[in-house]
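Before any comments, here is the structure.
The values are calculated or read from the model by the stated rules, or taken from the named source; none is laboratory data. Note that the structure is predicted; figures quoted are calculated from it, not measured. Cβ sites come from the backbone with ideal geometry, for glycine too, and all protein chains shown count toward neighbours.
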Amino acid sequence: MTPGDIEDAVAAAMPRAVEDLKALVSIPSVAFPGHPEEEVHRAAAAVESLLRDAGLPTVRQIPVAGSFPAVYAEAPAPPGAPTVLLYAHYDVQPPGDPALWDTPAFEPTEIDGAVYGRGAADDKSGIITHLTALRAFDGRFPVGVRVIIEGQEEYAGERLERFVEENPDLVRADAIIVADCGNPAVGDPAVTTSLRGMAAVTVEVRTLKDALHSGSFGGPAPDALSALMRMLVALHDDNGDVRVPGLEKGVFDGDAGTDEEFRQGAGVLDGVSLVGTGSIADRIWGSYAITVTGLDVPTVSGAVNAIQAVARARVTIRVPAANDPKTALSDVTAYLEAQAPWGVHVTFSDVSVGSGFQAPAGGPARAALDRAMTRAFGREPRDVGQGGGIPLVATLQRQFPEAELLLFGAEDEAARIHAPNERVVIDELRRVATAEALFLLEYGAS
């Protein structure tokens, strides 16, 4: 096949790719506790069927201890050709408040050249990228292909890390494509070379045996919610920088754009300031970030005049690539305990950690990818960092130090992953799938 044949094949496959994406997005495959597990299994079965249809001779679901199954597929390498591992995940974030969505989260909707719905970008677009690239070869792949699509990346993804450590031969490859990243903007190609690690914990504060009437006891009775709020506010200084000892600010040798570009991409409201100090790249790729991602307290609509006996918060820590998330978690929990007022009882639970990633200098696979992306996008890709984490990547780097890890995908900064109205741009999906297929062609020839 020629590069032109690849481009034509991917273009012809796009209508089917969009329909397959919509079918996947319609499955609410949320792997968080409290959500229907059968929907996650239904997504695994759908991915298994799609991989069979892509011409891979071996496809199966494989159990992952304590987690949902991964979907695995492989095709042998032609004589002398390298092997490429393709990774994505089929689970998604919870949709959150339905009222914040313009269209239902699990009813994929095509609007102005984009598909909207939970998981349309993160990371079912990654699955469709792999499928569309593989379909371009009609079962005659120029490299050995291994595919692993996991089912619990968004929640407790370390379970697949343990599986890889125990089954290295199953995923061994010369190059590894992780299609769970994206570009700074649509049409602006990029390869992610740095990932922050992540740690998360639930902090619980208890002050009373039971909630109390605020009129009869308000004043001297310690309010668990007030105590928790004081602890959480203490995590940042007045500029918004993290003030936890040990979590020092860092720098990133790269450009993430201007403050104004960031404001537009993040949808920051007029008159609302950005927080923290340093460049945008320093703040999102080189430094720690702490976010309160959830609170267990009475809702406003159901509030009664009571002093709360217990309050909980989910705290997430983003960790610079070179630093240890377990150490960061220890620093944060120790600091929260030190900030706890009035002798309140503080406990921590539901811990999750994932290591960061820093890519070494590029080799032949990166060179082939650069050429492929340049042809697909009409411009050379640039190196970027990513503030989020992908738990498996550090394990793959540690397990296979000679393999080249290539992180890219069809997401972009305006895709609203993990937020209402998530979307992926169809033309961006085409360009990324084209780049992946061109990479497989060229890497196989080299």
Quiz prompt | Subset of region 240-266 that is among the aliphatic types (A, V, I, L, M) and at pLDDT below 90 - its residue that is farthest from Lys326 (Cα to Cα) | solution = Ala266
Self-check item: Residues of region 222-237 classified as assigned to a helix (DSSP H, G or I) and under 27 Å from the mean Cα position of the chain (by Cα), total
Solution: 2
Self-check item: Every residue from region 394-442 that is of a type in the set (D, E, K, R), in a loop (DSSP other than H, G, I, E, B) and surrounded by fewer than 24 Cβ atoms within 10 Å (Cβ to Cβ)
Solution: Glu402, Glu413, Arg416
Self-check item: Members of region 246-305 that are touching an Asp or Glu at 6+ places or on another chain (Cβ under 9 Å) and under 30 Å from Asp210 (Cβ atoms)
Solution: Asp296
Practice problem: Only residues in region 92-119 that are assigned by TED's automatic domain parsing to the domain that holds Ala419 and of a type in the set (Asp, Glu) count as the first member; pair them with residues that are assigned to a loop (DSSP other than H, G, I, E, B) and surrounded by 11 or more Cβ atoms within 10 Å (Cβ to Cβ), Cβ under 6 angstrom, at least 6 apart or cross-chain, and list the lot. | Solution: Asp102/Asn421
Quiz item: Restricting the search to region 335-387, which residues are surrounded by 14 or more Cβ atoms within 10 Å (Cβ to Cβ), over 17 Å from Leu405 (Cα atoms), over 26 Å from the mean Cα position of the chain (by Cα) and not assigned by TED's automatic domain parsing to the domain that holds Leu225?
Solution: Arg375
Quiz item: Tell me, which residue of region 307-331 that is of a type in the set (S, T, N, Q) and not in a strand (DSSP E or B) is nearest to Gly286 (Cα to Cα)?
Solution: Asn323
Practice problem: Name every residue in region 399-430 that is under 18 Å from Ile177 (Cβ atoms) and among the basic types (Lys, Arg), in order of residue number. | Solution: Arg430
Practice problem: Sort out which residues of region 392-415 are free of Cβ contacts under 8 Å to residues at least 12 places away in the same chain and more than 19 Å from Asp174 (Cβ to Cβ), and write them in order of number. | Solution: none
Quiz item: Of Gly219, Gly257, Gly240, Gly246, which residue is outside any helix (DSSP H, G or I), touching a Pro at 6+ places or on another chain (Cβ under 7 Å) and not charged (D, E, K, R)?
Solution: Gly257
